[in-house]
Amino acid sequence: MAELVRSGAVTSQSITLMFLERIERLNPDLNAFTDVTADRALSQSREIDRAVAEGNVPGPLAGVPFAVKNLFDVEGLPTRAGSMINRDRRPALRDALLVERLVQAGAVLLGALNMGEYAYDFTGENAHDGACRNPHDLSHMAGGSSSGSGAATAAGLSPVSLGSDTNGSIRVPSSLCGIFGLKPTFGRLPRTGTFPFCDSLDHLGPLARTSHDLALTYDVLQGLHATEASHDCPRSQPTLPTLDQGIDGLRVVIAGGHFDTAGMDEAAGAVRVVAQALGAKETVDVDGAAEARAAAFLITNGESAAFHLDRLKTRAMDFDPETRDRFLAGALLPAAWLIQAQRVRRWFHDKMMDLFQDVDLVIAPATPCPAPLVGQTTLPLRGETVALRPNLGLFTQPISCVGLPVVTVPVWSGQLPIGVQLIAAPWREELCLRVARALEMTGVAIANPPRGPH
């Protein structure tokens, strides 16, 4: 798309109009967008066409439409963060930093996307804006909390999108909607201009239908020569030039222990296919993952409750009752539990660093199952019936707890896709993307076009 626009073969405005028409036609069923910024998109696209006509280069994403989870500030819109309460906020005076970076690269903003309330959700069933639905089967959920990002990208309403991931909120919808999603290393991408959920766990990242689009978008988001968000973060490096370097010589292992998929047929099959493609034969017990997941629950619960305490005191009845109750429980957690959770977090981090002394990449399931039905509340798991909402993050929480980079790749083994996580050591996003590219080129990881009525 960008190449066609830069060459003058296609106008940015024609592309924008095509996507706006598609949103108007399909979004009533999918419920992926909460705000469509049509006037802004058309104005941006006209400016891009004018730049091309004058012989200027409008950027690597020239004319490429994108959309963002509605916790990103968008100039002129109140930043909802999936809530009723935030709709009373004043409209944002400027875009979030990552939105600005995409616009500066020539991308065209289509609007803001549905999400779980205050990002505390894995299902995408928003009590205020309604459930976001899976484009492959509208009776199934899109996953959360970046539900609109997953559904809009998978359905072709937006070529790429931005989401956030605290405990799995990019990887779960990527898995359930069958697309590629990147959760970078904690601190790699700045969160300026986004509404927080849990400050010590929040990540931002892109979702796309191909590994190439994911890498190209990520490189723009990095701000290749800008000061990074974290003082510990090494200088950004472009990943796109390394995308096709291949995977020969990589040491790849399968995550076991907590990540065991016994009884989870689709998840087990997806991991097996990816492992075979990468020549991974060894399964490593990732010791401490279950404890890290417990720590992530406590840290998320305690930090988010403290952040929302004033809203809980003054507008408790305006929350989704399930979200409100989790925040209230978090407000009652003993401080000693939270301190111990942070100790466990450091302990598990050190264990993972030891593992990466011997291996380059760890593969693990992204979700225990393909997309459940909208309204489903329980899940059969390891011989038990468990609550669905928290357990969609069974395999993602331990990894985000210690901030490792992950690319989720889509695998098809039935009527619905399911994702596999490619996990690397800190700051090795380029490795995750390179392996995702290799899997895509061999046909193992593919974001299929939506099926059914769309």
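Quick note: the coordinates plus some simple rules give every number you see, no bench work behind them. Computed from a prediction, not measured in an experiment: that's the story for all the values here. All Cβ positions, even for glycine, are placed from backbone atoms using ideal geometry, and neighbour counts span all protein chains on display.
Let me check against my output: what whole-number percent is the relative contact order of the chain, with C-alpha pairs under 8 Å and at least 6 apart? The partial results should precede the final answer.
Details: 1080 pairs, mean separation 78.4, N = 454.
Relative contact order here is 17 percent.
So for the pair LYS351, ASP199, with labels modelled 7 Å out along Cα→Cβ, what separation do we get in nm?
2.8 nm
Mind ordering 404-412, 161-169, 380-388 by average Cβ neighbours within 10 Å, highest first?
Peptide ranking by packing, descending: 161-169, 404-412, 380-388.
Nearest 5 percent is fine: what portion of the DSSP beta bridges confined to segment 2-441 is antiparallel?
Expressed as a percentage, antiparallel bridges in segment 2-441 total about 70.
Can you compute the helix-only [θ] at 222 nm over the chain? Use -39500 (n - 2.57) per DSSP H run of at least 4 residues, normalise by all residues, nearest 500 deg cm²/dmol.
Rounded to the nearest 500, it is -11500 deg cm²/dmol.
Would you grab the residues whose amide H sits under 5 Å from the one on ALA131? Only those 5+ places off in sequence or on another chain, please, with H modelled 1.01 Å from N.
Close amide H contacts, sequence-distant or interchain: ASN126.
Where in segment 336-352 is the amide nitrogen less than 19 Å from a point lying 7 Å along the Cα-to-Cβ axis of ASP287?
Correct set: 343-352.
Putting +1 on Lys and Arg Cβ atoms and -1 on Asp and Glu Cβ atoms, find which of PRO321, LEU216, LEU394 reaches farthest to the positive end of the dipole of segment 2-441.
PRO321
Quick one: which residues, 5 or more positions from SER83 or on another chain, have an amide H under 5 Å from its amide H? H modelled 1.01 Å from N in the peptide plane, none for Pro or chain starts.
Under 5 Å from the amide H of SER83 lie the amide H atoms of TYR118, each far enough along the sequence or on another chain.
Spelling out what I want: for every residue of segment 120-128, take phi, set θ = phi - 60°, compute 6.51 cos²θ - 1.76 cosθ + 1.60 (Karplus), and round to whole Hz; glycine and proline get x.
So the J values, rounded to whole Hz, are 9, 5, 10, 9, x, 9, 8, 6, 9.
Answer with one residue from GLN357, GLY375, ALA331: the one whose Cα lies farthest towards the positive end of the charge dipole of segment 314-415, charges on Cβ with Lys, Arg +1 and Asp, Glu -1.
ALA331
So who's got an amide H within less than 5 Å of the one on LEU204, skipping anything under 5 residues away but keeping other chains? H placed 1.01 Å off N, in plane.
ASP165, LEU189
Taking the Cα centre of each part, how many Å lie between segment 124-187 and segment 357-435?
So the separation of the two Cα centres works out to 13 Å.
For a protection proxy built on the mean count of beta-carbon atoms within 10 angstrom, sort 432-441, 350-359, 253-262 highest first, please.
Details: 432-441: 23.9, 350-359: 14.1, 253-262: 18.8.
Ranked from most to least packed, the peptides come out as 432-441, 253-262, 350-359.
Show me 26-35, 64-73 ranked by packing, highest mean number of other Cβ atoms within 10 Å first.
Result, highest mean first: 64-73, 26-35.
With only alpha-carbon atoms in the gyration tensor, what are the semi-axes of the equivalent ellipsoid for the chain, in Å, largest first? Before the final figure, lay out each step's value.
Details: eigenvalues 189, 139, 92 Å².
Equivalent-ellipsoid dimensions as semi-axes: 31, 26, 21 Å.
What lysines sit close enough to LYS351 to cross-link, taking a C-alpha to C-alpha distance under 29 Å and skipping anything fewer than 8 places away on the same chain?
Here the lysines satisfying the reach criterion relative to LYS351 are LYS183, LYS281.
Quick one: 3J(HN,Hα) in Hz for segment 388-396, Karplus 6.51/-1.76/1.60 with θ = phi - 60°, rounded, Gly and Pro as x.
5, 3, x, 7, 5, x, 3, 9, 8
With θ set to phi - 60° and the Karplus curve 6.51 cos²θ - 1.76 cosθ + 1.60, what are the ³J(HN,Hα) couplings of segment 397-404 in order, to the nearest whole Hz, using x for Gly and Pro?
So the Karplus estimates, Gly and Pro as x, are 4, x, 6, 5, 4, 10, x, 7 Hz.
Can you put TRP337, TRP427 in order, fewest other beta carbons within 10 Å first?
By the 10 Å Cβ count, ascending: TRP337, TRP427.
Would you mind calculating the gained length between ARG315 and VAL386 on full extension (0.36 nm times residue separation, minus the Cα-Cα distance), in nm to one decimal? Provide the component values of the computation, followed by the final result.
Details: separation 71, 0.36 × 71 = 25.56 nm, distance 3.07 nm.
That works out to 22.5 nm of additional length.
Just how large is the dipole of segment 2-441 about the Cα centre, in debye to the nearest 20, putting +1 at every Lys and Arg Cβ and -1 at every Asp and Glu Cβ?
Value, rounded to 20: 400 debye.
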